[in-house]
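Asker: Could you have a look at this structure, given as structure tokens, before my questions?
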């Protein structure tokens, strides 16, 4: 039996676009999380998008909103992901939140919020990994405990769609 989408929209191309067979979970449905979600959906990177947030009503509202627009997307399933737990009270979560808010202060001061560049960057990184595009990205990561580093240091280490440990002179 044909779905509503199939009844309403007939393909005009000879071959239907291939939908990837994977699930992507976005943690947080605030401005940045939704920018990530929209960017991932716009690039058709997954056949299932799962949303997670501690604010259950907001989460459900964002999911339903995306589901209503999914008629125009290639991602057939948008769902809540109750399997992923979020520790809303952890010190680490509070520290990270504070750092993110402070680092985006200037953009927020100018336009009220920051989200699109982050969302588009996340979707581009995911696309590169899923499609094995072998792109190189300057992404910083905390290296405390690696290579004998004992302090919290963030370095931009080279990597090509995989994690590896480059030789570091001590």
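What follows is calculated from the coordinates using simple rules that are stated; it is not laboratory data. All figures in this text were calculated on a predicted structure; none of them were measured in a lab. Because the Cβ atoms are built from the backbone with ideal geometry, glycine has one as well, and the counts that use them run over all protein chains shown.
Asker: Put a dot 7 Å past each Cα toward the Cβ at residue 116 and residue 58; how far apart are the dots in nm?
Answerer: Rounded to a tenth, the inter-label distance reads 2.2 nm.
Asker: To continue, here is another question. With labels modelled as points extended 7 Å from the Cα through the Cβ direction, what inter-label distance (nm, one decimal) is found for residue 79 paired with residue 98?
Answerer: Roughly 3.8 nm, to one decimal.
Asker: Between residue 139 and residue 124, what length in nm is gained on full extension when 0.36 nm per residue of separation is reduced by their alpha carbon distance?
Answerer: On the way: separation 15, 0.36 × 15 = 5.40 nm, distance 1.24 nm.
Roughly 4.2 nm would be gained on extension.
Asker: Which of 118, 32 comes first, and how do the rest follow, when ranked by fewest Cβ neighbours within 10 Å?
Answerer: 118, 32
Asker: Residue separation times 0.36 nm, minus the C-alpha to C-alpha distance between residue 27 and residue 153: what's the value? Write down the numbers at each step before the final one.
Answerer: Details: separation 126, 0.36 × 126 = 45.36 nm, distance 2.45 nm.
Using 0.36 nm per residue and subtracting the Cα-Cα distance, I get 42.9 nm.
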